[in-house]
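First the structure, in the form of structure tokens, and then the observations on it.
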């Protein structure tokens, strides 16, 4: 489980030291290059902010396993599209889709909650928290070295390969953990075996009145209601937004300064990001995340 957050963080952060090269390769040296290099880094977070609004409710309706695997497959496909893109428009769109498909930031804590009682979640959560730190630290260093020798497409393609390997491990080793989905499947099997349509789980009460769309819409609106009703959560969100802003200002300006002003190579520029990997937004997500989907107790 901890490998996938690390791969998504690596894929996100690995383009930072080579963003200028990507924009220059795809767009030339025009005035648009600078804005394109910033957008292809920051657009990820737009997708990553919007994705959980759909991923979390879908996991409540259909379970963790199908949603995680579908999102991971979309992540790999969008990353491969970015590696093969021939224009910044396609690259930016692929990065947005990749950010949207990041399911592990949302569902990894939920899976931990499914598997462990509250007093035993610390060890599992510590692995999830350290994964974004490692990916954010080694990602730019590896990306700079690879880009210097093999080009930026090899950097993006390596993210697709890493994510694909993690998805194969998910398909082989991961099983459904959400008890609601498990009980619903057992109830459906019993209805088929016994021919008794009245067999239902305790969690299905009232679902027929809302319907699937009603349940999905209610789940999508739930984060807004929780945010509006909690001053502490609002303060944490504002703090997180400041950290995100600082991180991306540094991420989009530091490589050009190091390479153009100080004459560092892409590999040397990439290693500089290890010094502030603690400020990687994924690390803040891991420390401050509130589990959007909970297991009924």
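No lab work stands behind these numbers, since they all come straight from the coordinates. None of the values given here were measured: they were computed from a predicted structure. Positions of Cβ are backbone-derived with ideal geometry, glycine not excepted, and every protein chain shown enters the neighbour counts.
Label sites at residue 168 and residue 216, each approximated as a point 7 angstrom past Cα along Cα to Cβ, lie 3.2 nm apart. Taking the fewest neighbouring Cβ atoms within 10 Å as the starting point, the ordered list for 60, 119, 259 is 119, 259, 60.
A full extension of the chain between residue 185 and residue 260 corresponds to an added length of 21.1 nm, given 0.36 nm per residue minus the alpha carbon distance.
Put the Cα centre of the stretch 25-88 next to the Cα centre of the stretch 99-165 and the gap is 14 Å.
When each of 156, 261 is scored by the number of other beta-carbon atoms lying within 10 Å, the sequence from fewest to most is 261, 156. Annotation for residue 235 and residue 86: the two label points, set 7 Å from Cα along the Cα-Cβ direction, are 5.4 nm apart.
The mean of 1/r over all distinct Cα pairs in the stretch 70-138, once inverted, gives the Kirkwood hydrodynamic radius of 13.8 Å. Take the Cα of residue 120, step 7 Å toward its Cβ, do the same at residue 194, and the gap between the two points is 3.0 nm. Evaluated at q = 0.14, 0.20 Å⁻¹, the base-10 log of the normalised Debye intensity for the stretch 60-219, with identical point scatterers placed on the Cα atoms, takes the values -0.89, -1.34. Scaled to the globular estimate 2.2 N^0.38 Å, the Cα spread of the stretch 44-94, given as radius of gyration, is 1.30.
Using r as the Cβ-Cβ distance of residue 49 and residue 149, and R0 as 35 Å, what FRET efficiency do you calculate, to the nearest 0.05? After rounding, the FRET efficiency stands at 0.55.
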